[in-house]
Amino acid sequence: MIRFSADSSAVIFSGTEPAGLLQLRNTPGIDTTFSEIISVVELPDENDSTGVERTCSGVITVADSTIIFKPLKSFVKGKSYQVVSYLNARFGDAGMMLTGKLDHRLKPSHIILNR
């Protein structure tokens, strides 16, 4: 589950498998600038003629059972943010394997959060 924190100052990832949490805990000073695990992108407004998406840099903190993404610059009220996460990513499940729809690439989680 991916959502904003109560005060919308961070993005919270819950339901991460213990193996993923352990791997993140063992990676010292993980920073989203150098990581492909989590990316947060500020989407342009509908009226924005430039249409430029801006990547949000931030720091990842691992708590007991959650992962917290804290941006270096605060999220802007009224903006939309696309969050892409490879946490708990898989190639597929048993149903996909039986139907021949198994892919050779990991499928990340995508969600758009509105501040």
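The values are calculated or read from the model by the stated rules, or taken from the named source; none is laboratory data. None of these values were measured; they are calculated from a predicted model. A quick note on method: Cβ atoms are made from the backbone with ideal geometry, for glycine too, and the neighbour counts reach across all protein chains shown. Keep in mind that these areas ignore ligands, DNA and RNA; they rest on the heavy atoms of the full protein, side chains included. Shrake-Rupley method; radii C 1.70, N 1.55, O 1.52, S 1.80 Å.
Could you say whether any residue in region 16-30 is among the hydroxyl-bearing types (Ser, Thr, Tyr), open to solvent by 40 Å² or more (accessible area, probe 1.4 Å), at pLDDT 90 or above and more than 14 Å from the chain's Cα centre (by Cα)?
So the first thing to find is which residues in region 16-30 are among the hydroxyl-bearing types (Ser, Thr, Tyr), and the list is 16, 27.
From the residues that got through so far, the ones that are open to solvent by 40 Å² or more (accessible area, probe 1.4 Å) too are 27.
With the extra rule that they be at pLDDT 90 or above, the set shrinks to none.
No: zero hits.
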For region 35-51, enumerate the residues that are at pLDDT below 85, under 22 Å from Pro108 (Cα atoms) and either open to solvent by 40 Å² or more (accessible area, probe 1.4 Å) or part of a loop (DSSP other than H, G, I, E, B) (or both). Ser35, Glu36, Ile37
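Looking at region 90-100, is at least one residue part of a strand (DSSP E or B), modelled with pLDDT under 90 and more than 18 Å from Val11 (Cα to Cα)? Show your work before the answer.
Of the residues in region 90-100, the ones part of a strand (DSSP E or B) are 90.
Right, trim to modelled with pLDDT under 90 and you get 90.
Those left that are additionally more than 18 Å from Val11 (Cα to Cα): 90.
The answer is yes, given that some residue of region 90-100 is part of a strand (DSSP E or B), modelled with pLDDT under 90 and more than 18 Å from Val11 (Cα to Cα).
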Can you find, within region 54-85, the residue that is farthest from Arg115 (Cα to Cα) among those that are open to solvent by 90 Å² or more (accessible area, probe 1.4 Å) and without any contact (Cβ under 8 Å) to a residue 24 or more places away in the chain? Asp64
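Return yes or no: is Pro108 farther than 18 Å from Ser5 by Cβ, open to solvent by 30 Å² or more (accessible area, probe 1.4 Å), modelled with pLDDT under 80 and assigned to a strand (DSSP E or B)?
Numbers: farther than 18 Å from Ser5 by Cβ: yes; open to solvent by 30 Å² or more (accessible area, probe 1.4 Å): yes; modelled with pLDDT under 80: yes; assigned to a strand (DSSP E or B): yes.
Judged against the criteria, Pro108 is a match.
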